[in-house]
């Protein structure tokens, strides 16, 4: 029986991606690329992360490309934890400082806000809006808690955050796309596995309702591999093998002529385009490698 070889990233296409990164990406994402695909040092990632850190233990200065201000915000702390984990630096003292920062901004119920009012003091994408007294939100509380559980962290805030997340999940019926990321990150790593399984099964349909299964879909859409970036975890269990394979083929084909990948949401100022594209190019290549689609 004839079979069609799956689409892959070969050495020439990886070299094109490297050229794109060198021409366009932030230093931290260039070091991420070098570490994951060229044997570069992990310490270069952690060194490049340091200038984004503030004295309060949080992160700003554009680590989240759509937040251009200097002040610490909750979502950049999420990025910092992810970069530290990529670099194998889960024991870095910065993790404790991040926990201290999260404690300082947590609401009485344990959740941290999506964005703080200091967003008003600097340029930011128009969708980053904060009320006068921003409440705790599952985004990014769920992701932060999941990341800390993943690395085996122990901190008083984590218990409070976990209670907040369970309370939110118990009440959830509608699950918008960005909340799905936080839910899956939390459920993948929270210690109560029986409760995590139950929550996942209850929220499976509401999550799928906001994910576009068409591999050819374009624009500001949310696709299966956004949530199943690796072949393990709850995100992968949302989709059957045929859907994943079709989206892997589409992801390989989505590499642009300049060697990079892009995102579907709008760029509101010119600098965010190369920054987001550098960030997502590394992530897309890591996904393709995780599923065996990197032949380089």
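Values as computed for the structure displayed
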quantity	calculated
Unique match (being in contact with a helix residue (DSSP H, G or I) (Cβ under 6 Å, 6 or more places away or on another chain), crowded, with 16+ Cβ neighbours inside 10 Å, in a loop (DSSP other than H, G, I, E, B) and touching a residue at least 40 places away in the same chain (Cβ under 8 Å)) among 142, 146, 111	111
Members of the range 188-216 found to be surrounded by 15 or more Cβ atoms within 10 Å (Cβ to Cβ) and out of contact with any helix residue (DSSP H, G or I) (no Cβ under 8 Å at 6 or more places or on another chain), listed by number	206, 208, 212
Matching entry among 7, 12 (being surrounded by fewer than 20 Cβ atoms within 10 Å (Cβ to Cβ), within 23 Å of residue 293 (Cβ to Cβ) and touching a helix residue (DSSP H, G or I) at 6+ places or on another chain (Cβ under 6 Å))	7
Flag for residue 161 being on the phi < 0 side of the Ramachandran plot and either buried (at least 20 other Cβ atoms within 10 Å of the Cβ) or touching a strand residue (DSSP E or B) at 6+ places or on another chain (Cβ under 7 Å) (or both)	yes
Residue 185 being assigned to a helix (DSSP H, G or I) and in contact with a helix residue (DSSP H, G or I) (Cβ under 8 Å, 6 or more places away or on another chain)	yes
Selection from the range 252-280 of residues that are closer than 22 Å to residue 211 by Cβ and assigned to a helix (DSSP H, G or I)	252, 253, 276, 279, 280
Given (1) within 29 Å of residue 254 (Cα to Cα); (2) modelled with pLDDT of 95 or more, number of the condition residue 89 does not satisfy	(1)
Some residue of the range 61-74 being farther than 30 Å from residue 135 by Cβ and crowded, with 18+ Cβ neighbours inside 10 Å	no
Any chance residue 57 is touching a helix residue (DSSP H, G or I) at 6+ places or on another chain (Cβ under 7 Å), in contact (Cβ under 8 Å) with a residue 12 or more places away in the chain and over 30 Å from residue 285 (Cβ atoms)	yes
Members of the range 227-250 that are touching a helix residue (DSSP H, G or I) at 6+ places or on another chain (Cβ under 6 Å), part of a helix (DSSP H, G or I) and surrounded by 21 or more Cβ atoms within 10 Å (Cβ to Cβ)	227, 234, 235, 247
Single unsatisfied condition, residue 97 versus (1) farther than 20 Å from residue 151 by Cβ; (2) touching a residue at least 40 places away in the same chain (Cβ under 8 Å); (3) in a helix (DSSP H, G or I)	(1)
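The values are calculated or read from the model by the stated rules, or taken from the named source; none is laboratory data. Note that the coordinates shown come from a computational prediction; the quantities given were computed from them, not determined experimentally. Because the Cβ atoms are built from the backbone with ideal geometry, glycine has one as well, and the counts that use them run over all protein chains shown.
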